[in-house]
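The values are calculated or read from the model by the stated rules, or taken from the named source; none is laboratory data. No experiment lies behind these values; they were computed from the predicted model shown. Neighbour counts run over all protein chains shown; Cβ positions are idealised from the backbone, glycine included. Heavy atoms of the whole protein, side chains included, go into the accessibility calculation; ligands, DNA and RNA do not. Shrake-Rupley method; radii C 1.70, N 1.55, O 1.52, S 1.80 Å.
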Amino acid sequence: MTEAVKDPPPGMVERRGAGLWVSHAIMMFGVLIVFFPIWLAFVASTVTQPEITNPPMPLWPGDQFLVNYGKALGSGVNVPVATMLVNSMIMAIGIAVGKIVISLLSAFAIVYFRFPGKMVFFWLIFLTLMLPVEVRIVPTYEVIAGFGMLNSYGGLILPLIASATATFLFRQFYMTVPDELAEAARVDGASPMRFFIDVLFPMSRTNIAALFVILFIYGWNQYLWPLLITTDPSMNTIVMGIKQMFPSGDDIADWPVIMATSILAMIPPVIVVISMQKLFVRGLVDSEK
Amino acid sequence: MATVDLKAVKKRFGSTEVIHGVSTSIADGEFIVIVGPSGCGKSTLLRMVAGLESVSEGEVSIGGKRVNELEPMDRDIAMVFQNYALYPHMSVRQNMGYGLKIAKLPKAEIDRKVDDAAKLLQLEPYLDRRPRDLSGGQRQRVAMGRAIVRQPKVFLFDEPLSNLDAKLRVQMRLEIRDLQNRLGITALYVTHDQVEAMTMADRMIVMNAGRAEQIGTPLEVYERPQTLFAAQFIGSPSMNVLDGVAADGSLSIGDSSLPLHSRLSGPVTVGIRPEHVIPDAEGPLAMTVQMGEPLGANTLLHGRMAGRSDAFTVSLAGVHHAVAGETLRFGVDPANLPFFDPKTGQRIEAEA
Ligand SMILES: Nc1ncnc2c1ncn2[C@@H]1O[C@H](COP(=O)(O)OP(=O)(O)OP(=O)(O)O)[C@@H](O)[C@H]1O
Ligand SMILES: [Mg+2]
């Protein structure tokens, strides 16, 4: 399918030659605009502090790459970036996996079981779609503090782990799975959980992959919540950690290290997107029934 | 291999009753076809035997044992669904062996049974394919294979052939029948296609609106329909019905009158099969032909009874060149005409 898009018949390319060049030029221009700040950040992460602060700013990488990145990873400003990367990784994976597991199971319950108040629960879940983290942040903080989960991975992950969106998505997917499949499994002697594990789960794997990418990035980019509950620098996540690197008083910001940190913060999401791209696209495009 | 008994089985969805009490006994190894129009409750009845639908009232027993409360897997049944319901992400081999895997059979034994079934169904070349890479007929076979590897006591089929093209349907019909014969497994087969019912059934259950109208062999139902519904549902083209009044050894239908061999009296409905019409220039009945349908071996003539509005169809052997507007006179053999009560639709046994 993607092949067909990539390789239009040669005749077509020839005929639309001019149009093709124009559209490519526009796309490249767009990419350049988006890419330029990232390039500047990269350049800034490979030069010395004075080179950045004295205009004009350099446009080509310097020779401080290893020095700056070594400093960022090893010591950072408050805490080594390596620690923050690990924290972010744990939080993002925890949130993504947790959200997927919980929403798979709750969608399974909503679609395949009859229990009292089923619709009430469904609508309750649906309603929470309208309540983002920021709206409920004060009571959530209260609860997490009460459980003594400040400065812990549990505190970082748990409040963000339920997902109405993902539940809704899996519900929609399960509704398209023919009822006969569940009945065939029942005749084959599969318990409901067995049916879930052996049939529904493998059938949802492209959806799961697509969702994992989206949720990983969502988790990775969390800012407000980690800022609120991690007072201990060793629990900082990288996205909020960058902010913490800016000096509060008259100290001088260590721009090369901050920029190196920013670049490092971008790498894991990029790796996740690229490595899951195939499954991701397939999950969005077809449901493979 | 087992008997299946239904005792006044009823099904309610909420407060609406959709099966109004069906009773029958199915012998070991019998092939029973449940036939009826869409929505009459065939699937519901079958699913109650399968255990996919609870029984609201009455009793279902398999092999003499009440199974109302048992889960499908504990009933020793296997079911073939209309859309096959194959697990899309499993290979043919895994699909067929899934039930055995759940039953925790050793791997070697599962493989052996799947191989046997695959051989029986000529599925060997496809064992490693996914269902989506198979044709409709092959998927159908896989669904059959999944049913037979478990060596159930009862096979349940819910319109298994309705997604296949006409030619394949005829072939699969024979294959299913042959397979069931060889394995000797009792089978319940749901279809809305009366030809399928006629050709496959040892006995059939003609259902209408949640009731079993008649239970009997295909020929019994064809020759001695117990209700007007069964009479019209079985047979193609369907039976003509005419309202008439019987008195003094004759039946008057409009202006025409038929001699009767029985002592009926009062208003009755008579059924005349299109293929039982005998063309006869002196015959007591007449129709105005509106349209001819040459089928090769026989010709269908559609029209109306002369001087009346009742539609009437006759089937004549061979080729006839009918002209629209032509009048066809014919007679019938009064000896085996079925009569029905116009109000209840029940057969009236005509004592001679
Ligand atoms: N879950 C349900 N809830 C309410 N009514 C139902 C349910 N399932 C079936 N019915 C009703 O029961 C009746 C019989 O349905 P059933 O599926 O058994 O028909 P069928 O004879 O198999 O028809 P078809 O040939 O179209 O498959 C229908 O009127 C249907 O609307
Ligand atoms: Mg049905």
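For the full complex of protein chains and a 1.4 angstrom probe, list A:F168, B:F157, A:F212 by accessible area with the highest value first. Intermediate values should be presented prior to the final figure.
Values: A:F168 65, B:F157 5, A:F212 40 Å².
Greatest to least solvent exposure: A:F168, A:F212, B:F157.
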Can you give me the relative contact order of chain A as a percent, contacts being Cα pairs under 8 Å and 6 or more apart? 30
Between A:F115 and B:D28, what is the label-point separation in nm under the 7 Å Cα-to-beta-carbon projection? 4.5
Above-threshold pairs, the threshold being 30 Å between Cα atoms, out of B:K65/B:K343; B:K104/B:K167; B:K42/B:K343: B:K65/B:K343; B:K104/B:K167
For region A:139-289, what does the relative contact order come out to in percent, with C-alpha contacts under 8 Å and a separation of six or more? 34
Projecting the Cα atoms of B:V60, B:I32, B:T299 onto the charge dipole of chain B, where Lys and Arg contribute +1 and Asp and Glu -1 at Cβ, the residue farthest towards the positive end is B:V60
Could you pull the accessible area for A:Y223 with a 1.4 Å probe, rounded to 10 Å²? 80
Holding the Cα-Cα limit at 21 Å, pick out from A:K71/A:K243; B:K113/B:K153; B:K107/B:K153 the pairs that are longer than that. B:K107/B:K153
Accessible area drop of at least 40 Å² (1.4 Å probe, protein heavy atoms): which residues of region B:82-120 qualify, relative to the chain alone? B:N83, B:Y87, B:P88, B:H89, B:Y98, B:I102
Carbon plus sulfur, as percent of the 1.4 Å-probe accessible area of region B:237-348, comes to 52
Run the numbers on chain B and let me know its relative contact order in percent, using alpha-carbon pairs under 8 Å that are six or more apart. 16
Could you give the dipole magnitude of chain B about its Cα centre, charging the beta-carbon of Lys and Arg +1 and that of Asp and Glu -1, in debye to the nearest 20? 1540
So how do B:69-78, A:154-163 stack up, highest first, on mean other-Cβ count within 10 Å? A:154-163, B:69-78
Drop in accessible area of at least 10 Å² in the complex versus isolated chain, residues of region A:187-225, 1.4 Å probe: A:V187, A:D188, A:G189, A:A190, A:R194, A:D198, A:V199, A:P202, A:M203, A:R205
Mean accessible area per residue over the protein assembly as shown (1.4 angstrom probe, all protein chains present, square angstrom) is 49
Rounded to the nearest 5, the percent of DSSP beta bridges in chain B running antiparallel is 75
Nearest 10, in degrees from 0 to 90: the angle of helix A:164-176 to the longest Cα principal axis of chain A is 40
Taking a ≥ b ≥ c as the square roots of the eigenvalues of the Cα gyration tensor of the protein assembly as shown, is the shape rounded (a/c under 1.5), prolate (a/b larger than b/c) or oblate? prolate
Placing unit charges on C-beta atoms (Lys and Arg positive, Asp and Glu negative, everything else neutral), compute the dipole magnitude of region B:237-348 about its Cα centre in debye, rounded to 20. 240
Nearest 10 degrees, 0 to 90: helix B:136-148 Cα axis against chain B principal axis: 70
Region B:4-232 - percent of accessible surface contributed by carbon and sulfur, probe 1.4 Å: 48
With bins 10 Å wide starting at 0, give me the P(r) of chain B over every alpha carbon pair, in whole percents. 5, 21, 26, 21, 15, 9, 3, 0
Once label points are set 7 Å from the Cα along Cα→Cβ at both B:V18 and B:A306, what is their separation, rounded to one decimal in nm? 4.9
Using only Cα atoms and rounding to the nearest 10 degrees, what angle (0 to 90) does helix B:92-102 make with the longest principal axis of chain B? 70
Each label sits 7 Å from Cα toward the beta-carbon; between A:R194 and B:A281 the label points are separated, in nm, by 7.6
Using only Cα atoms, locate the centre of region A:90-163 and the centre of region A:239-282, then give the distance between them in Å, rounded to an integer. 26
